[in-house]
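The structure under discussion appears below in the form of structure tokens.
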Amino acid sequence: MPHLIIEYARELELPLPATFCSLHQTLLDSGLFEEADIKIRAQAYADYLVGGAAENHFVHLNVLVMDGRSEAVKKQLANALCKTVKQHLGDIQHTQITAEVRDMLQATYAKIR
């Protein structure tokens, strides 16, 4: 925890290794997580429609965190992660960057090391 799942339009030239490192650092800098617990993965989509136009693209960050954090903290984290992605995209014309931070219930979460 956290789990950060990046969904994005395949046509975007998103440099994944560098983006992963920057997102990892953003999560670490938030002070909310231990480094060893940060997990990041990505899924590119070839089939999608954004805003009804084929030239529109997207990056969406699904962030799963353990429950108990305030809405304000989660919103701040979402904004910081969006800004981090924007730095790696260059010209983001016709591209939406979104993030949602959702709770995982500690009572039902399992982890084996």
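The values are calculated or read from the model by the stated rules, or taken from the named source; none is laboratory data. The structure displayed is predicted, hence computed values, not measured ones. With ideal geometry, Cβ positions are generated from the backbone for all residues, glycine too; neighbour counts draw on all protein chains shown. Note: areas computed on protein heavy atoms with side chains; ligands, DNA, RNA excluded. Shrake-Rupley method; radii C 1.70, N 1.55, O 1.52, S 1.80 Å.
Within the range 2-37, being in contact (Cβ under 8 Å) with a residue 40 or more places away in the chain and among the small types (Gly, Ala, Ser) holds for Ala9, Ala18, Ser22, Ser30.
Take Leu77 and decide whether it is at pLDDT 95 or above, touching a Ser or Thr at 6+ places or on another chain (Cβ under 6 Å) and on the phi < 0 side of the Ramachandran plot. Don't jump to the end; show me each part of the working.
Details: at pLDDT 95 or above: yes; touching a Ser or Thr at 6+ places or on another chain (Cβ under 6 Å): yes; on the phi < 0 side of the Ramachandran plot: yes.
Considered against the rule, which asks whether it is at pLDDT 95 or above, touching a Ser or Thr at 6+ places or on another chain (Cβ under 6 Å) and on the phi < 0 side of the Ramachandran plot, Leu77 comes out as yes.
If you take the residues in the range 34-46 that are touching a helix residue (DSSP H, G or I) at 6+ places or on another chain (Cβ under 8 Å) and within 21 Å of Glu7 (Cβ to Cβ), which one is surrounded by the fewest Cβ atoms within 10 Å (Cβ to Cβ)? Walk me through how you get there before you give the answer.
The initial filter retains those residues of the range 34-46 that are touching a helix residue (DSSP H, G or I) at 6+ places or on another chain (Cβ under 8 Å), namely 35, 38, 40, 42.
Filter again for within 21 Å of Glu7 (Cβ to Cβ), leaving 38, 40, 42.
Details: Ile38: 18, Ile40: 18, Ala42: 16.
Top of the filtered list is Ala42.
Restricting attention to the range 13-31, the residues that are on the phi < 0 side of the Ramachandran plot, in a loop (DSSP other than H, G, I, E, B) and either exposed (fewer than 11 other Cβ atoms within 10 Å of the Cβ) or modelled with pLDDT of 95 or more (or both) total 2. Candidates in the range 102-113 are the residues that are assigned to a helix (DSSP H, G or I) and either touching a strand residue (DSSP E or B) at 6+ places or on another chain (Cβ under 6 Å) or of a type in the set (S, T, N, Q) (or both); of these, the one that is farthest from Ile38 (Cα to Cα) is Thr108. Checking the structure you have, find out if any residue of the range 91-101 is open to solvent by 30 Å² or more (accessible area, probe 1.4 Å), part of a helix (DSSP H, G or I), β-branched (Val, Ile, Thr) and free of Cβ contacts under 8 Å to residues at least 24 places away in the same chain. No - not one qualifying residue is present in the range 91-101.
Set side by side, the residues Leu77, Leu49 differ, and just one is open to solvent by less than 70 Å² (accessible area, probe 1.4 Å) and among the hydrophobic types (A, V, I, L, M, F, W, C), which is Leu77.
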